[in-house]
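Worksheet: one structure, shown below.
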Amino acid sequence: MNLQSDDFELFGLAQRFAQERSAIDARWKELQREAHPDKFAAQGAAAQRVAMQWSVRINEAYQRLKDPLRRAAYLCELRGAPIRAEDNTAMPAAFLMQQMEWREALEDAEGEAALDALDDEVQQARRAALARCGQLLDEAGDATGAAREVRALMFIARFGDDIERRRDQLGQ
């Protein structure tokens, strides 16, 4: 194992968006067993520190690889298309209109049924955006286009959190 390896190389996976979660989970468990600091107790404190570094590195990679949004963002970064969500907020007009409609629907939501319908619509948009990310990254080789989808997905994820907060407000 090499600390400088990218996450895909570390996990022995092809550098693709499309991944089987079960394969990621299984490989994470294998790597954690190999690098667990307790295995190095007899070799002294220095070996345990190195094992701890490995364990942290493996966990960081696992967190990125298991989450489709984080995996897409990571692939964009690896392929030279940084997300830059904090300073690149440009979105297509249709997506901006969709955001406004969702916001209005959220404000107008009076009960669980309305929130469920909105959540279903948002989750469908999330699935569609993830599919576009996969197509752009794995088939078209368009990391810049995928980065735009990742920025949209980041909004969708935040909006999903807003729906849950609204649920909590209505439940009180």
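Among the residues of segment 30-44, those that are exposed (fewer than 11 other Cβ atoms within 10 Å of the Cβ) and on the phi < 0 side of the Ramachandran plot comprise Arg33, Asp38, Ala42.
Applying a threshold of 6 Å to beta carbon distances and a minimum spacing of six or more residues, or different chains, the list of pairs starting in segment 152-170 at a residue that is over 11 Å from Leu106 (Cβ atoms) and ending at one that is outside any helix (DSSP H, G or I) reads Met154/Ala85.
Among the residues of segment 15-25, are any farther than 28 Å from Gly145 by Cα, in contact with a helix residue (DSSP H, G or I) (Cβ under 8 Å, 6 or more places away or on another chain) and in a helix (DSSP H, G or I)? Before you say what the answer is, go through the steps one by one.
Residues of segment 15-25 that are farther than 28 Å from Gly145 by Cα, as a first pass: 25.
Still in the list and also in contact with a helix residue (DSSP H, G or I) (Cβ under 8 Å, 6 or more places away or on another chain): 25.
Checking which are in a helix (DSSP H, G or I) leaves us with 25.
Yes, there is a match, as at least one residue in segment 15-25 is farther than 28 Å from Gly145 by Cα, in contact with a helix residue (DSSP H, G or I) (Cβ under 8 Å, 6 or more places away or on another chain) and in a helix (DSSP H, G or I).
Looking only at segment 46-68, residues that are within 30 Å of Ala157 (Cβ to Cβ) and among the aliphatic types (A, V, I, L, M) come to 4 in all.
Condition (residue is touching an Asp or Glu at 6+ places or on another chain (Cβ under 7 Å) and of a type outside the set (Lys, Arg)) applied to segment 26-36: is it met by at least one residue?
Let us first name the residues in segment 26-36 that are touching an Asp or Glu at 6+ places or on another chain (Cβ under 7 Å), namely none.
Looking through segment 26-36, none of the residues is touching an Asp or Glu at 6+ places or on another chain (Cβ under 7 Å) and of a type outside the set (Lys, Arg).
If you filter segment 113-147 down to residues that are surrounded by fewer than 13 Cβ atoms within 10 Å (Cβ to Cβ) and more than 28 Å from Leu78 (Cα to Cα), you find that the one that is farthest from the chain's Cα centre (by Cα) is Ala113.
Readers should treat all values here as calculations from the given coordinates under stated rules, not as data from a laboratory. Every value quoted in this text rests on a predicted model; they were computed, and no experiment measured them. Cβ sites come from the backbone with ideal geometry, for glycine too, and all protein chains shown count toward neighbours.
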